[in-house]
Amino acid sequence: MKSISKWLSNNLIRIYAFFAFTYLFIPVAYTFVFSFNDSRKTNLIWRGFTLDKWKNPCGAPDVCSALGNSFIIGLTATAISTVLGTLIAYALGRYEFKGRSSTNLLIFLPMATPEIVLGASLLTMFVNVGFNTSMTTAIIAHVMFCISFVVVTVKARVASLDPKLEQAAMDLYANEWQTFRRVTLPLLAPGIAAAALLAFSLSFDDFIITNFTAGTVNTFPRFVYVSAGRGIPAQANVIGSAMFFLALIIVISSQIISARRKVKI
Amino acid sequence: MAVDASTSARGDLILKNLTKSFGEFNAVDDLSLVIPKGSFFALLGPSGCGKTTTLRMVAGLEVPTSGSIFVGETDITEMKPYRRPVNTVFQNYALFPHLTIFENIAFGLRRRGITDAEVKTAVDKVLTLIELPELAGRKPNQLSGGQQQRIAVARAIVNRPALLLLDEPLGALDLKLRRQMQIELKWIQTEIGITFVHVTHDQEEAMTMADTIAVMNKGKIEQMGTPEELYDSPKTSFVANFLGQSNLIPGKVSGSDGDNLVVDLFGTKVSVPKSRNSATGDSVLVGVRPEKFRIALEGKATHGNVLTGAVVSDVSYIGVSTQYQVEMPWGKEVMVFEQNDDDEEMLRKGAKVVLSWEPIFTFALDGKDSATAGSN
Amino acid sequence: MVAFKTTSAKVFKLKDNKSTLPYLLLLPGLLWLVLFFIVPIFSLGQMSTKVAGADTGEFVQGYRFANYIDAFSASKEQFFRSFLYGILATLIALAIAYPLAYAIAFKSGKWKNVLLVLVVAPFFVSFLLRTIAWKQILGEEGPVVGVLRGLHLISPQTSITSSAFAVVTGLAYNFLPFMTLPLYASLERIDPRTLEAAGDLYANGITTFRKITLPLSMPGVVAGTLLTFIPAAGDYINATILGSPTSKMLGNVIEARFFKIVDYPTAAALSFTLMAAILILVTFYIRRAGTEELV
């Protein structure tokens with residue numbers, strides 16, 4: 001008996017963690033399972049197993065056009081925000097300059113502001129200047145809220161980059177640009193990649209800000225929200241699950257790659 | 001990419017009135033120095049003395065507040081690091097982790113537009129010199145500390161700079177490896193003939209490797225010379241205490257005897273060679289290194305300078321030698337190192353002893369110097 | 001994330017202070033933020049005092065600060081509800097996330113990285129899909145309600161969805177990673193040898209936790225609660241999907257006034273107030289949590 005209770009007290013927290021993870025994954029599992037549902041109009045009741053939805057993910061109307069828009073906005077916003085954010089992170093990490101604390105505050109504030117305020121204020125401004133909301137305004141908004149996250153992610157990487165490496169490069173006849181291109185950038189690359197991945201995830205999954213700034217442009221989250229009323233087609237589940245596995249593969253393989261780099265002897 | 005003409009400048013390294021201030025604090029204070037081409041030069045001093053700052057100014061990684069730096073005829077004071085004929089071996093090697101060893105070494109050559117074929121020849125040659133040709137394809141994190149250190153040196157010397165700067169390159173190595181690397185670096189320097197400027201706080205290292213040493217303290221040079229000069233004839237108590245150990249005993253010049261001065265040490269007269277005297281007045285600090293003392297029981301025969309009335313207060317057996325702390329009649333202690341090279345018994349604590357030494361091994365410093373400056 | 005502190009603030013100067021390069025690097029990004037974050041906030045403020053133009057139907061500037069009073073009194077209920085739900089959701093998330101973060105930091109051995117990925121992985125599915133999944137799982141046709149009714153734990157009339165309970169737990173669920181990761185980061189930083197030292201000095205498990213682990217993890221707690229509370233208070237999706245008309249939050253009101261009723265000034269006033277309230281609460285919280293000594 002005593003050994004059982006000892007085992008329990010040692011592992012209680014591990015048992016808890018197991019249940020916590022299960023809880024986290026319940027809706028994911030549900031989404032995945034119901035992507036195989038032989039549903040008609042709504043996907044609420046289980047009718048039977050089928051691979052049809054997976055074979056024809058664009059079968060439901062508007063799903064793929066919404067998905068396409070999400071990708072266009074996501075990729076564009078990621079590209080722009082990653083570049084802008086990396087430049088800021090590098091400046092913050094390597095230089096002393098006046099206005100440092102104001103810069104830090106400006107970067108921090110969007111992360112501390114509720115999305116509804118971000119969305120509402122942008123819409124107000126666009127209305128004021130008579131600018132119609134469209135994909136462009138959506139991209140503008142997405143870049144805006146992604147920059148801060150890119151800065152924080154890349155800045156951490158810059159901080160861990162030994163400045164002596166850049167000094168060594170200059171000592172070895174590389175000018176500022178060559179140093180940046182051949183030493184700094186390659187070594188920052190993992191951080192920049194992580195920032196880009198983060199930015200894309202935030203953009204792809206965004207609903208509130210997109211709702212306010214995208215006008216009539218449909219994105220995948222908007223599509224899901226609007227069809228929640230009449231029933232989400234199983235194809236949405238298919239796409240949601242596919243994105244999940246894709247992201248999982250990307251994250252796991254990047255971890256394996258970086259682990260392998262360290263171990264080789 | 002064209003090779004900058006300035007990277008081919010050659011000649012002695014000349015520092016003129018070099019100063020680096022951080023606000024009120026002068027890290028380097030009006031330093032002037034000539035380091036002859038082809039020599040192995042050491043900048044020695046405790047941490048914070050300004051030696052690394054000086055090195056970084058020569059490398060171009062730090063901008064001087066005033067003064068100038070010349071390589072031969074070329075003024076490099078304002079030049080960016082990548083224009084100077086100077087390469088640095090950094091303290092933690094700073095090898096590029098994302099490049100192979102080959103590419104690390106080739107880095108400087110490629111920036112100067114050397115052709116691929118020439119690069120391969122040069123890199124292979126230097127890898128052979130440091131006896132690590134098999135590591136060319138590896139990455140820095142796969143190498144041991146000693147190997148990384150040698151690659152860092154190779155990466156610098158492959159560029160045939162006028163000057164190689166070494167910023168405490170052996171600090172991260174264990175004792176045995178450090179000793180080995182000291183010999184190797186010295187050998188490399190004599191092989192290729194580049195001027196080496198080696199910054200270190202380890203006085204043994206400086207004395208082992210360097211032709212000339214400059215001892216720095218608080219941004220200034222205390223004394224410069226060969227290791228023998230600095231060791232046998234220190235001019236300030238800082239140098240006397242920083243290099244090896246010294247016993248400094250206050251005394252008064254009482255007369256002269258040919259080439260020697262006669263100095264009164266608490267009633268006893270001792271001889272000090274005039275050539276080893278840096279004091280200007282009558283008040284002096286007489287210096288004798290602990291290993292120069294001969295220690296014997298009272299009553300035994302002695303010659304040279306003699307101090308009587310001493311009592312052994314502590315004994316430490318160190319294998320190679322025995323260290324004695326000896327209390328002198330005037331209340332202070334001196335250190336004596338006696339090599340264990342004969343059958344004589346160790347002296348015990350409390351033993352009454354007499355100290356003697358050859359007058360030629362005495363030096364004298366200005367009486368106003370602090371007797372403890374430079375000791376740690 | 002705000003919670004992940006970068007290593008020392010030391011900056012290494014490769015060049016003199018007089019260089020303009022840093023400013024050039026900062027300019028594009030900061031300009032974007034000024035144009036599309038700062039300026040819109042001002043637009044919001046400006047809009048909040050406008051009034052309906054009598055003739056044109058457009059809104060004209062009337063400097064009517066009474067808009068705020070009107071807006072607040074009309075939506076008092078939703079206002080307080082947002083903060084209440086936000087706080088509740090944050091507390092629930094904290095309760096769920098802390099032991100989880102602890103387990104990952106101290107009890108996971110070589111699985112640490114895998115577990116960290118697993119904490120974030122559910123986020124790879126669109127949060128709308130996940131929230132709707134909860135709605136269907138907890139809803140009338142779902143398995144949970146059937147079981148609970150069968151066990152007579154709830155009556156045939158009560159439903160779990162369309163309730164405040166569902167909204168709050170939905171909020172807590174959605175922001176769990178925001179709570180877990182900062183907690184993990186600060187727990188991970190604790191040198192296990194300090195815990196061993198506590199044991200060596202006669203502290204049992206609970207005492208060690210109370211006196212060593214918990215205080216040392218406070219930075220993570222602060223960061224996590226902020227990162228959870230702020231979006232939770234401003235959220236309206238959970239309320240729409242999992243709630244009922246009686247559980248509407250401020251976000252719902254703002255959205256309605258932008259898109260359904262087209263009352264921009266009121267909507268702007270509400271948004272502005274929400275932001276201000278959150279900022280005040282956050283500043284107050286940081287000051288207090290930051291300086292308070294934890295025994």
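Could you tell me which residue of segment B:278-310 is farthest from B:P234 (Cα to Cα), considering only residues that are among the aliphatic types (A, V, I, L, M) and either in a loop (DSSP other than H, G, I, E, B) or touching a Pro at 6+ places or on another chain (Cβ under 9 Å) (or both)? Here the answer is B:A301. Checking C:L187, C:L171, C:L216 one by one, the residue that is among the hydrophobic types (A, V, I, L, M, F, W, C) and over 26 Å from A:I26 (Cβ atoms) is C:L216 and no other.
Identify, from the list B:P64, B:P169, B:P97, the residue that is in contact with a Pro (Cβ under 6 Å, 6 or more places away or on another chain), in a loop (DSSP other than H, G, I, E, B) and either not assigned by TED's automatic domain parsing to the domain that holds B:L185 or not small (G, A, S) (or both). If you could, list the steps in order and put the result at the bottom.
Working: B:P64 fails: in contact with a Pro (Cβ under 6 Å, 6 or more places away or on another chain); B:P169 fails: in contact with a Pro (Cβ under 6 Å, 6 or more places away or on another chain).
Sole residue among the options that is in contact with a Pro (Cβ under 6 Å, 6 or more places away or on another chain), in a loop (DSSP other than H, G, I, E, B) and either not assigned by TED's automatic domain parsing to the domain that holds B:L185 or not small (G, A, S) (or both): B:P97.
Residues in segment B:311-322 that are outside any strand (DSSP E or B) and either touching a residue at least 12 places away in the same chain (Cβ under 8 Å) or crowded, with 20+ Cβ neighbours inside 10 Å (or both): B:G319, B:V320.
Restricting the first member to segment B:214-233 and to residues that are of a type in the set (G, A, S), and the second to residues that are surrounded by 19 or more Cβ atoms within 10 Å (Cβ to Cβ), the beta-carbon pairs closer than 6 Å and six or more apart or on different chains are B:A214/B:L43; B:A214/B:I221; B:A214/B:M224; B:G219/B:A27; B:G219/B:V28; B:G219/B:G50; B:S233/B:R276; B:S233/B:F363. The numbered conditions (1) at negative phi; (2) crowded, with 22+ Cβ neighbours inside 10 Å are all true for B:K80 except (2).
I'd like to know if segment C:180-192 contains one or more residues that are buried (at least 22 other Cβ atoms within 10 Å of the Cβ), assigned to a loop (DSSP other than H, G, I, E, B), within 14 Å of another protein chain (Cβ to nearest Cβ) and among the hydrophobic types (A, V, I, L, M, F, W, C). Looking through segment C:180-192, none of the residues is buried (at least 22 other Cβ atoms within 10 Å of the Cβ), assigned to a loop (DSSP other than H, G, I, E, B), within 14 Å of another protein chain (Cβ to nearest Cβ) and among the hydrophobic types (A, V, I, L, M, F, W, C). Selection of segment A:5-50 for residues being surrounded by 11 or more Cβ atoms within 10 Å (Cβ to Cβ), hydrophobic (A, V, I, L, M, F, W, C) and more than 22 Å from C:L138 (Cα to Cα) yields A:L12, A:I13, A:I15, A:A17. Here is the figure for segment A:206-223: residues that are part of a helix (DSSP H, G or I) and either modelled with pLDDT under 90 or more than 8 Å from every other protein chain (Cβ to nearest Cβ) (or both) total 5.
Scanning segment C:185-207 for residues that are closer than 12 Å to C:Y102 by Cβ and hydroxyl-bearing (S, T, Y) returns a single hit, C:S186. Listed conditions (1) among the polar types (S, T, N, Q); (2) assigned to a loop (DSSP other than H, G, I, E, B); (3) crowded, with 21+ Cβ neighbours inside 10 Å are all met by C:T225, apart from (2).
Among the residues of segment A:131-154, those that are out of contact with any helix residue (DSSP H, G or I) (no Cβ under 6 Å at 6 or more places or on another chain), more than 8 Å from every other protein chain (Cβ to nearest Cβ) and in a helix (DSSP H, G or I) comprise A:M135, A:T136. In segment B:67-84, what residues are under 23 Å from B:G219 (Cα atoms) and in a strand (DSSP E or B)? B:G67, B:S68, B:I69, B:F70, B:V71, B:D75 - these are the residues of segment B:67-84 that are under 23 Å from B:G219 (Cα atoms) and in a strand (DSSP E or B).
When the residues of segment C:34-70 are filtered to those that are over 28 Å from A:A112 (Cβ atoms) and either of a type in the set (V, I, T) or at pLDDT 85 or above (or both), the one that is surrounded by the most Cβ atoms within 10 Å (Cβ to Cβ) is C:V51.
Meeting the requirement of 1 or more residues that are facing another protein chain (nearest Cβ under 9 Å), the helices (runs of 4 or more DSSP H) wholly within segment A:12-130 are A:63-94, A:100-112, A:115-129. Being assigned by TED's automatic domain parsing to the domain that holds B:H201 and within 15 Å of the chain's Cα centre (by Cα) is the requirement here; does B:S39 meet it? Taking the combined requirement at face value, the residue satisfies it.
Checked against the criterion of being among the polar types (S, T, N, Q), surrounded by fewer than 16 Cβ atoms within 10 Å (Cβ to Cβ) and outside any helix (DSSP H, G or I), the candidates B:N17, B:N26, B:N87 yield just one match: B:N17. Going by the structure shown, is A:K2 more than 30 Å from A:N104 (Cβ to Cβ), surrounded by fewer than 15 Cβ atoms within 10 Å (Cβ to Cβ), in contact (Cβ under 8 Å) with a residue 12 or more places away in the chain and more than 29 Å from the chain's Cα centre (by Cα)? The answer is no for A:K2.
Taking residues in segment C:99-116 that are on the phi > 0 side of the Ramachandran plot, and partners anywhere that are in a helix (DSSP H, G or I) and among the acidic types (D, E), not one pair has Cβ atoms closer than 8 Å while being at least 6 places apart or on different chains.
The values are calculated or read from the model by the stated rules, or taken from the named source; none is laboratory data. Computed from a predicted structure; not experimentally measured. Glycine gets a Cβ as well: all are built from the backbone with ideal geometry, and neighbour counts include every protein chain shown.
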